[in-house]
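Notes for the one structure printed next.
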Amino acid sequence: MKNLIYIIVLITLFGEVRAQQTPAKDQSEVISITGATAHIGNGEVIENSTIIFENGKITAIGASSSISPKGKIIDASGKHVYPGFIAPNSTLGLVEISAVRASDDDSEIGNYNPHIRSIIAFNAESKIVESMRPNGVLMAQVTPRGGVISGTSSVVQLDAWNWEDAAIKTDDGVHINWPNVFSQGQWWLGEDPGFKPNKKYTKQINEIENFIKQAKASIKSGVTSENLPHHAMKGVFDGSKILYVHVDVEKAILDVISFAQKNGIKKLVLVNAYEAYKLANQLKRNNIAVLSGRPHKTPNYEDDDYDLPYKNAKILMDAGVLVALQNSGGMERTNARNLPFQAGTVAAHGLDKEKALQLITGNTAKILGIDKFVGTLEIGKDATLFISQGDALDMRTNLLEKAFIQGRDISLESHHTKLWKRYRKKYSK
């Protein structure tokens, strides 16, 4: 009986090991991709290109007529090469199954938690995370949720053993959930139902202001070691961290801008910012970037243009605002794999295709502060890129053949591809 138990345990462990993918090994030879159309991620396109990378870095890129390939040559004639797509403001790796509490680690108890670091909760072995790669999503900003100040986000690459291996920029910024100007009546608390002004709005802003004042006082006095939440705000004040404010309506956005100016916030990014298009010129003047909400949704209000979510990012970009796409909302983790198709929707509603690509590559990297080494296909940057048979912003032609993260030839297998292969055999009989 004891031997039988041992055998069952070994089979179980072996099954778990086989079910989990092994991250790719470091690049060991020079690789050249030739003949492809290279989409740089900054609006430029190189037809019939050659891209060479070595030790995880791009060492040459240009027209094939001017560059001689070397090392292992991948003929990508008639295909397309893109920089790896980046999913900002994401809970990838923080929640696996929403209904299983033990796998849900995207929020912390309390309202003011700038010291909570999402990176240490990131599950690099998530099945959802591995399903991003076949669509070209190779990096993500792991972001906490909940409370007034949710915590601190970090940026990861999506092929790693653990969070330490995954991290490409730790603690990049602190996230504030700005109070709602309007609220729904909470009938369970005896309030009248319906949409109405939030009577607590001013009080809630004052509470945030008080926390900021206390944090500044603690930092100035040098006693932040005794107060972790205050210490975590130091980077926001000295400019080493970004302050991400999750906000929607026009009045609230104006209040956020005033709040940032009053408190000397050097780096401010608006998240979602549904009505930011009404203040596009002001955002441009104040050099405020926007992580715009997902285009695949219906308008928030009945008097909005029916296609406002589709063209919101274009309106901001046309005004000169630095914009990227983020995917928060219902089913946000699994929907993150559709990020390229959301950019494609923006392109279908008037934005130039290469500018739409910037919404999930170069622009995103600039906003997150990682553009020195990812986001575009340029010499000296990480070889985090992929080869697609066709247009990667179109779900009909986004068919990846190869993907690399820091030069490592990663697997494009996932639970989805395994099921597809399994049932394809069943129905091909």
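The values are calculated or read from the model by the stated rules, or taken from the named source; none is laboratory data. Note that the structure is a prediction, hence the values are computed from the model and not measured. Positions of Cβ are backbone-derived with ideal geometry, glycine not excepted, and every protein chain shown enters the neighbour counts. Heavy atoms of the whole protein, side chains included, go into the accessibility calculation; ligands, DNA and RNA do not. Shrake-Rupley method; radii C 1.70, N 1.55, O 1.52, S 1.80 Å.
A few points about this structure:
- Residue list for the stretch 311-352, filter: over 15 Å from the mean Cα position of the chain (by Cα), of a type in the set (Gly, Ala, Ser), in a helix (DSSP H, G or I) and within 17 Å of residue 364 (Cα to Cα): 313, 344, 347
- Pair list, Cβ under 8 Å, 6 or more apart: the stretch 361-376 residue touching a residue at least 12 places away in the same chain (Cβ under 8 Å), other residue open to solvent by less than 10 Å² (accessible area, probe 1.4 Å) and charged (D, E, K, R): 368/172; 369/172; 370/172
- Residue match in the stretch 120-127 (condition: over 14 Å from the mean Cα position of the chain (by Cα), surrounded by fewer than 15 Cβ atoms within 10 Å (Cβ to Cβ) and either outside any loop (DSSP other than H, G, I, E, B) or touching a residue at least 12 places away in the same chain (Cβ under 8 Å) (or both)): yes
- From the options 268, 254, 308, residue that is more than 22 Å from residue 366 (Cβ to Cβ), surrounded by 16 or more Cβ atoms within 10 Å (Cβ to Cβ) and among the hydrophobic types (A, V, I, L, M, F, W, C): 308
- Every residue from the stretch 360-405 that is within 17 Å of residue 79 (Cβ to Cβ), in a strand (DSSP E or B) and open to solvent by 10 Å² or more (accessible area, probe 1.4 Å): 400, 401, 402
- Criterion (hydroxyl-bearing (Ser, Thr, Tyr), within 23 Å of residue 328 (Cβ to Cβ), open to solvent by 20 Å² or more (accessible area, probe 1.4 Å) and under 21 Å from the mean Cα position of the chain (by Cα)) met by exactly one of 152, 143, 170: 170
- Only one entry of 72, 79 meets the criterion of being at pLDDT 95 or above, within 29 Å of residue 167 (Cα to Cα) and open to solvent by 10 Å² or more (accessible area, probe 1.4 Å), and that entry is 72.
- Residue count for the stretch 128-138 satisfying the condition of being polar (S, T, N, Q) and either open to solvent by 20 Å² or more (accessible area, probe 1.4 Å) or assigned to a helix (DSSP H, G or I) (or both): 1.
- Answer from 377, 359, 322 - the residue that is of a type in the set (A, V, I, L, M), under 22 Å from residue 34 (Cα atoms), modelled with pLDDT of 95 or more and touching a strand residue (DSSP E or B) at 6+ places or on another chain (Cβ under 6 Å): 377
- Taken over the stretch 273-288, the residue count meeting the criterion of being in a loop (DSSP other than H, G, I, E, B) and surrounded by fewer than 15 Cβ atoms within 10 Å (Cβ to Cβ) is 2.
- Strands (runs of 3 or more DSSP E) lying entirely in the stretch 15-76 (those with 3 or more residues that are farther than 30 Å from residue 123 by Cβ, in contact (Cβ under 8 Å) with a residue 60 or more places away in the chain and out of contact with any Leu (no Cβ under 9 Å at 6 or more places or on another chain)): none
- Residue check: residue 336 meets all listed conditions (1) more than 22 Å from residue 53 (Cβ to Cβ); (2) without any contact (Cβ under 8 Å) to a residue 40 or more places away in the chain but one, namely (2).
- Within the set 109, 97, the sole residue that is in a loop (DSSP other than H, G, I, E, B), at pLDDT below 95, open to solvent by 30 Å² or more (accessible area, probe 1.4 Å) and touching a Ser or Thr at 6+ places or on another chain (Cβ under 7 Å) turns out to be 97.
- Matching residues in the stretch 35-61 - criterion: being more than 17 Å from residue 362 (Cα to Cα) and open to solvent by less than 10 Å² (accessible area, probe 1.4 Å): 36, 49, 50, 51, 52, 53, 56
- Output for the stretch 378-429, where each listed residue is without any contact (Cβ under 8 Å) to a residue 60 or more places away in the chain and among the aliphatic types (A, V, I, L, M): 393, 395, 399, 419
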